[in-house]
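Every number in this text was worked out from the coordinates using simple rules, so none of it is lab data. Worth saying up front: this structure is predicted, and the values here are computed from it rather than measured. For neighbour counting, all protein chains shown are included, and Cβ atoms are generated from backbone atoms with ideal geometry for every residue, glycine included.
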């Protein structure tokens, strides 16, 4: 991605300073005049980013009604009103409203939680105007302004560095580069990648150290940040897997229902049932066939998952996001701050005795005490408050962790002078005194520091440092960098002469390697993802060697031959994208393209990230997961989920919840359709054979209310078993119910319906009541059939679900209670029966359960 000035085509990092200043008609010493600023504000507009708009409560509420099943229920309710079936209409209306209220409350709460996460941003910046430095609102900055930046400032616009003193910028939010970038003023090649443009600063990044005057080259939507915001706006979110599956399911259900109802309607007419009576019965059956409990059970299951996630410090902004993550087949993750801690740590050192890995048991190196002393004394940071240069803080932490007494060293050695680091020498030195001892310490880039050294510390003593030695140490530095570590060289000198110019004749000690360490819980999480059949891709703006090192440590890349694809080579290696696991130096556009490529191959993509550069891909992915602590406001706004504690491990919990929820929704659908189809079959058979008993419309409604509500909701609260994360993700192209599941539904319905008809034939004088009660009890007991074939009768998550037991027992109690309330019994045409008839009902109901469980055990149904 090339930054373009708003006044010219050439990239500003390529031009010479004077040429760029002239083209922008500015003055580095005086800045712009008020008149020029006003004119440019009129021409270029304010320095603002078109932000993501918050969803209004009304839109959240309306979103709850955007579902094919809800549309189906609205049609059913309208038909019920037309035929004056008021109980049906009221029941369906209550279900629709309850579903909307639950979804609205949960998503509104998530929206409010997001507002609580938003961080305050700097609202003003320092610029040169009319020859003097003044503070102005950031939105009033224009191209050509001279921006003054110092440590702690948030950069307000893109700009070319005019002059700088020890300037370091944290650009991780924009580039993914974990190490603060040292800035300079020299012109660069036109094709220099964004992460390597050391003469530029960019809007939204953070100044870690030093100060600078910057010539503003782009503002507002013309900045790199604005370019990303445009990509975010253009990234289209696709429907979630659950939404797609429910839409397909609804279409198939409509087709099946219409066919069955037409057959029953025709059979009734053939048996000379009055046309209007048969039409009303057919419409009532169509309404009964529709699983009105589906949206509310799905919503409750998702809401419960949302609540479970909140306990794990995860904000889920949209209900369907929980299930979507459960369906994920690929997680594309950022590195910095997501897989790693976004801080520097000394993990290794190369001394004359060899390489020391500080993550393993340390050896008794004679050079190590001197390395520790230099790390502490050649340092201006504070360990107690962890303030100062992040690299210097990490050096103090290294010294303490490797056994040095940092406070004792700082107290016993008195600082006498300092040669500060600058972009020319790239070396820092200090001189300290303890009684009569003088100790000089130095650190810096190896290629610069070796020029100050005449000796090397070898075998516990100093020896001459030859040119051959220096070349060898430069080679070792390159090797350390190639392993993914940031190298820093160290030197010292013990003397009794406190010279003013002390940076000469130093003794070379060795080099230390810094890295942004992996988060401690991530490796186990990645292993669990692989066990669950979920692929992991790492997309980072970091150096390829650093990316490869982290990927290998975390188990993302296990094969030694695994190649890291560099961003500059991505277009040429497009055919290798889906076979690779690590992508380095990638731009926001390339992340977006990779997510799109994965989706075209039917992957359900979860994207994690925390930077502004991650935002377009976060929005494009099937589910975007932002970090809550380190995450930028932009990334949090476009994401579907936010990890409040930045714990990557929470993703596994979310995947587990999503898989359980999907299985519960499918379990509920199978249960509900089995019950509803059993009613259709019973009424269809009775109409076709003109049998001497029949269910009336109110009885059908009562059966639906009893079986479609409490037991179905209880199934939605079933906990998963230990194997839920040992299975591969479901193929996203497969429907929510495959052919085998549909066959099973018809078999279940035939067994339930057959047991009810058998009970009606067996009882004496109470065929209608036997049919009514057997249908209810068989359907209620059918909830215990919603287990896997391999599970034993008295085991499995459904059998252990106390909600299912409570729902079944309560529903049975309500059903029996209807016999004791005369008006209800009369409306439902219920009569008192002898115990032998009740025995037939119980036997037929239990028999249906046993037959279905036997068929499952024999794997004839699923």
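Nearest 10 degrees is fine. How inclined is helix 224-234 to the longest principal axis of the chain, computing both from alpha carbons?
Tilt of helix 224-234: around 10 degrees.
Per residue of the chain, what 222 nm ellipticity follows from adding -39500 (n - 2.57) for every DSSP H run with n ≥ 4, rounded to the nearest 500?
Details: 29 runs with 394 residues, N = 862.
After summing the helix terms and dividing by the residues of the chain, the value is -14500 deg cm²/dmol.
Please give the peptides 581-590, 767-776 ranked by average Cβ packing (other Cβ atoms within 10 Å per residue), highest first, as a rough proxy for protection. Don't skip to the answer; put the middle values down first.
Details: 581-590: 23.1, 767-776: 25.5.
So the order, starting with the most tightly packed, is 767-776, 581-590.
Calculated FRET efficiency, residue 719 and residue 248, Cβ-Cβ r, R0 30 Å, to nearest 0.05? Walk me through the intermediate numbers first.
Values: r = 28 Å, r/R0 = 0.92.
Result of the calculation: an efficiency of 0.65.
Arranged by the count of other C-beta atoms within 10 angstrom, fewest first, what order do 574, 666 take? Could you put the intermediate results ahead of the total?
Working: 574 13, 666 17.
Ordered by Cβ neighbours within 10 Å, fewest first: 574, 666.
Just to verify a number: FRET efficiency for residue 46 and residue 569, C-beta to C-beta distance, R0 = 35 Å, to 0.05? Write out the running numbers ahead of the final one.
Numbers: r = 38 Å, r/R0 = 1.10.
It comes out at approximately 0.35.
Which order, highest average first, do 162-172, 430-440 follow once you tally other Cβ atoms within 10 Å for each residue and take the mean per peptide?
Working: 162-172: 21.7, 430-440: 17.3.
My ranking of the peptides, most packed first, is 162-172, 430-440.
Points 7 angstrom from Cα along the Cβ direction at residue 691 and residue 401: gap in nanometres?
Simple spin-label model gives 7.5 nm for this pair.
Provide the gained length on full extension for the span residue 505 to residue 800, in nm with one decimal, where the gain is 0.36 nm per separating residue minus the Cα-Cα distance. Working shown, then result.
Numbers: separation 295, 0.36 × 295 = 106.20 nm, distance 7.70 nm.
My answer for the length gained is 98.5 nm.
Fewest Cβ neighbours within 10 Å first, please rank 835, 86, 805 accordingly.
Working: 835 7, 86 10, 805 15.
The order, fewest Cβ neighbours first, is 835, 86, 805.
According to the Kirkwood expression over distinct Cα-Cα pairs, how big is the hydrodynamic radius of the range 348-441, in Å? All intermediate terms of the calculation are to be shown ahead of the outcome.
Working: mean 1/r = 0.0707 Å⁻¹.
Answer for the range 348-441: a Kirkwood hydrodynamic radius of 14.2 Å.
Quick one: angle between helix 522-531 and the longest Cα principal axis of the chain, in degrees between 0 and 90, rounded to 10, please.
That helix lies at roughly 40 degrees to the long axis.
Could you tell me how many degrees, from 0 to 90 and to the nearest 10, lie between the Cα long axis of helix 650-689 and the main elongation axis, the longest principal axis, of the Cα atoms of the chain?
With rounding to tens, the tilt is 20 degrees.
Using every Cα-Cα pair within the range 775-816, state what percent have a distance larger than 11 Å. The partial results should precede the final answer.
Numbers: 556 of 861 pairs.
Value for the range 775-816 (Cα pairs over 11 Å): 65 percent.
So how many Å³ per residue does the convex hull of the Cα atoms of the range 345-515 work out to? Write out the running numbers ahead of the final one.
Details: hull volume 19.3 nm³, N = 171.
Looking at the range 345-515, the number lands at 113 Å³ per residue.
Applying 1/(1 + (r/R0)^6) with R0 = 60 Å to the Cβ-Cβ distance of residue 466 and residue 788, what FRET efficiency is obtained, to the nearest 0.05?
Values: r = 73 Å, r/R0 = 1.21.
It comes to 0.25.
Please list, by residue number, everything in the range 135-178 whose backbone N is under 13 Å from a paramagnetic label point 7 Å out along Cα→Cβ of residue 422.
Zone members listed by number: 164-167.
Give me the log10 of I(q) over I(0) for the range 495-565 at q = 0.17, 0.18, 0.26 Å⁻¹, as the Debye formula computes it from C-alpha points; what are the numbers?
Scattering profile of the range 495-565, log10 relative to I(0): -0.72, -0.78, -1.28.
Run the quick spin-label model on residue 579 and residue 132: label points 7 Å from Cα toward the beta carbon, then report their separation in nm to one decimal.
Simple spin-label model gives 6.7 nm for this pair.
Roughly how many Å is it from the Cα centre of the range 521-600 to that of the range 170-232, as a whole number?
Distance between centres, Cα-based: 24 Å.
Among 382, 647, 845, 635, which comes first, then next, by fewest other beta-carbon atoms within 10 Å?
Numbers: 382 13, 647 20, 845 23, 635 29.
The most exposed by this proxy come first: 382, 647, 845, 635.
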